[in-house]
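Below: one structure, written as structure tokens.
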Amino acid sequence: MSQNVSKLRQKAGLQTIEKNILFMTQEELAEECGVDRKTIQRDIEKWRVKGGFKRFLVKEFFEQLKDQLKQEGEEQQTNTEAV
């Protein structure tokens, strides 16, 4: 049972890391997860090795690109309507 609890905590920690990695330091992440900084470093390394970090970065890039294109499209539409 303790192994299941450990896996649940690790999954929750990885979700917290993914959600906040762009906004929080490792110390802040550790405090949020209730673990020490070494655990966060180890979890981030596992995440990177398994390809999760790369997928995260690609997803973030395309979400930001989509938002930027949407904003530019809205600005062009506003400029066209003003003319």
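For K7, the criteria (1) modelled with pLDDT of 90 or more; (2) surrounded by fewer than 16 Cβ atoms within 10 Å (Cβ to Cβ) hold in every case but one, which is (1).
Yes/no matrix, rows are residues, columns are (1) closer than 15 Å to Q15 by Cα; (2) assigned by TED's automatic domain parsing to the domain that holds K11; (3) in a helix (DSSP H, G or I):
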site: L29; (1), (2), (3): yes, yes, yes
site: K38; (1), (2), (3): no, yes, yes
site: R42; (1), (2), (3): yes, yes, yes
site: E45; (1), (2), (3): yes, yes, yes
site: L57; (1), (2), (3): yes, no, yes
site: Q64; (1), (2), (3): no, no, yes
site: Q68; (1), (2), (3): no, no, yes
site: E72; (1), (2), (3): no, no, yes
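Pairs linking a residue in region 57-82 that is closer than 21 Å to I21 by Cα and among the aliphatic types (A, V, I, L, M) to a residue that is surrounded by fewer than 10 Cβ atoms within 10 Å (Cβ to Cβ) and modelled with pLDDT under 90, with Cβ atoms under 7 Å and 6 or more positions apart or on different chains, do not occur.
The values are calculated or read from the model by the stated rules, or taken from the named source; none is laboratory data. Bear in mind that the values here come from a model prediction, so they are computed numbers and not experimental data. Don't worry about glycine lacking a Cβ; one is built from the backbone with ideal geometry, like all the others, and counts go over all protein chains shown.
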